[in-house]
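Each remark here refers to the structure printed beneath this line.
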Amino acid sequence: MSADDRAALGILLDLSQALLSAQVRSEVEAILTRQSVRLLGTRYALFLRYLPELDVLRVTAQAGQHADDLGRTLPRGQGASWRAALGPDPVLHLRREHLPPWAVRRAGVPPQHVLYAPLRSSSGRLLGVLTVGREDPPFLRRDEHLLATFANTGTVTLQRIRETARAAATREGVLLALGLALEARDYETQGHTGRTVALSERLGRALGLEEGEREHLRQGAYLHDIGKLSVPDGILLKPGPLTPDERALMQKHVLMGEALVRRIPGMPPEVLGVVRSHHERWDGAGYPDGRAGEAIPRLARLFSVVDVFDALTHVRPYRAPLSAPAALDLLRAEAGRQFDPEVVAAFVSLPLLGPGSRRV
């Protein structure tokens, strides 16, 4: 292996390593432009994302000395980026001394040697164009091959993110359907599942949870009471107080729910913790394990506040709803007894919307 080959391999390994951490499309685009400038020694790099709904290319990431291009939009057919996107070659190479009239020139920017590499999915769908430029030295065939490989690596990463997002959306739909199964029995007020998921997301953000933790919290919110599908209607829908035996049976729903959720492939333990432990109390008087304080899984402590607030402010078979201010007062009163005080403080600071609510 020649020295040039070893250098090229090192460059590609650096890029691949950087792309491993990318979770969203904008991160991939930013990494491609930043690494193109660093690894190819270019004056600038731009990523032009294809927006099919508008049929345009738009600069969504930049690096180097083109700080004023972000957001710039090219209609179909305008400029060299579109020529590369619509052409058959993996890279379009324009030399500064032979720039064609259809190449877009920027005022105040000296002529550049420019490379354009389109990103296309395996089905041929245009994703965008990666372009780099510099005044000197001219680009070599090796640079063309490297940029084409950059584009291919970026394409693979973008497709991986798209498939992950699609799988996550499918999973979310399944979880929502499971949550709505309870509402179909008229136990939960219509919309309970959606409200608790949305409130959980807002509370998680307020407490600084990372995206992975918020995702676990949302999944737990979808599935928290799935075990009640095993509770007879006579107990589930009973308008009056439960007998001791009925209450014991009702409390087993968290264990049944955990057993059901455990059968879903790939379900994280944090989600199981929400399902099992969201009826535990800060003072240790909850169920099913009598855990207290920080021994209760953190996400379960968060969700219990959300769940109780929604239950208090909506009609249930056994009582009328409270106003939002009254429910918030009750949460404050139970901080340090039923609920984690830190979670209550964050929750009551959220701007709550709805009849009789207020910003608190």
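When Ala327 is tested against the conditions (1) under 32 Å from the mean Cα position of the chain (by Cα); (2) open to solvent by 40 Å² or more (accessible area, probe 1.4 Å); (3) touching a residue at least 12 places away in the same chain (Cβ under 8 Å), the lone failure is (2).
Just give me the residues in the range 84-95 being open to solvent by 60 Å² or more (accessible area, probe 1.4 Å) and more than 34 Å from the chain's Cα centre (by Cα), in sequence order.
We begin by selecting, within the range 84-95, every residue open to solvent by 60 Å² or more (accessible area, probe 1.4 Å); these are 86, 88-90, 95.
Once the filter is applied, which keeps residues that are open to solvent by 60 Å² or more (accessible area, probe 1.4 Å) and more than 34 Å from the chain's Cα centre (by Cα), the range 84-95 yields Pro88, Asp89, Arg95.
Evaluate the range 23-32: report whether one residue or more is modelled with pLDDT under 85, surrounded by fewer than 18 Cβ atoms within 10 Å (Cβ to Cβ) and part of a loop (DSSP other than H, G, I, E, B). Walk me through it before giving the result.
Taking the range 23-32 and keeping what is modelled with pLDDT under 85, we get 23.
Restricting the remaining residues to those that are surrounded by fewer than 18 Cβ atoms within 10 Å (Cβ to Cβ) gives 23.
Next, only the ones that are part of a loop (DSSP other than H, G, I, E, B) stay: 23.
Checked against the condition, which is being modelled with pLDDT under 85, surrounded by fewer than 18 Cβ atoms within 10 Å (Cβ to Cβ) and part of a loop (DSSP other than H, G, I, E, B), the range 23-32 yields at least one hit.
Yes or no: Leu237 at negative phi and at pLDDT below 90? Steps first, answer last, please.
Working: at negative phi: yes; at pLDDT below 90: yes.
Here the answer is yes, as Leu237 does meet what is asked.
When the residues of the range 33-57 are narrowed to those that are under 18 Å from Ser121 (Cα atoms) and touching a Lys or Arg at 6+ places or on another chain (Cβ under 9 Å), which ends up most open to solvent (accessible area, probe 1.4 Å)? Can you show your working first?
First pass over the range 33-57, keeping only residues under 18 Å from Ser121 (Cα atoms): 47-53, 55-57.
Narrowing the set further to residues that are touching a Lys or Arg at 6+ places or on another chain (Cβ under 9 Å) leaves 48-52, 55-57.
Values: Leu48: 6, Arg49: 53, Tyr50: 34, Leu51: 23, Pro52: 89, Asp55: 47, Val56: 17, Leu57: 0 Å².
Among them, the one singled out is Pro52.
I'd like to know if the range 182-197 contains one or more residues that are touching a Lys or Arg at 6+ places or on another chain (Cβ under 8 Å) and modelled with pLDDT of 80 or more. Spell out the reasoning first.
Narrowing the range 182-197 to residues touching a Lys or Arg at 6+ places or on another chain (Cβ under 8 Å): 182, 187, 189, 197.
Within this subset, residues satisfying the condition of being modelled with pLDDT of 80 or more are 197.
Yes: one or more hits.
Listed by first and then second residue, the pairs with beta-carbon distance under 6 Å, at least 6 apart or on different chains, first residue in the range 233-253 and without any contact (Cβ under 8 Å) to a residue 60 or more places away in the chain, second of a type in the set (Gly, Ala, Ser) and in a helix (DSSP H, G or I), are His253/Gly227. Of the strands (runs of 3 or more DSSP E) lying entirely inside the range 41-142, the ones with 1 or more residues being of a type in the set (Gly, Ala, Ser), farther than 20 Å from Arg162 by Cα and in contact with a helix residue (DSSP H, G or I) (Cβ under 7 Å, 6 or more places away or on another chain) are found at 44-51, 56-64, 113-120.
Just one of (1) in contact (Cβ under 8 Å) with a residue 12 or more places away in the chain; (2) open to solvent by 50 Å² or more (accessible area, probe 1.4 Å) trips up Asp310, so point out which. Tallying (1) in contact (Cβ under 8 Å) with a residue 12 or more places away in the chain; (2) open to solvent by 50 Å² or more (accessible area, probe 1.4 Å), Asp310 fails exactly one: (2).
The values are calculated or read from the model by the stated rules, or taken from the named source; none is laboratory data. Nothing here was measured: the structure is a model prediction, and the numbers come from that model. FYI the Cβ positions are ideal-geometry reconstructions off the backbone, even for glycines, and counts take in every protein chain you see. Just so you know, the surface numbers come from the protein's heavy atoms only, side chains and all, with ligands and any DNA or RNA stripped out. Shrake-Rupley method; radii C 1.70, N 1.55, O 1.52, S 1.80 Å.
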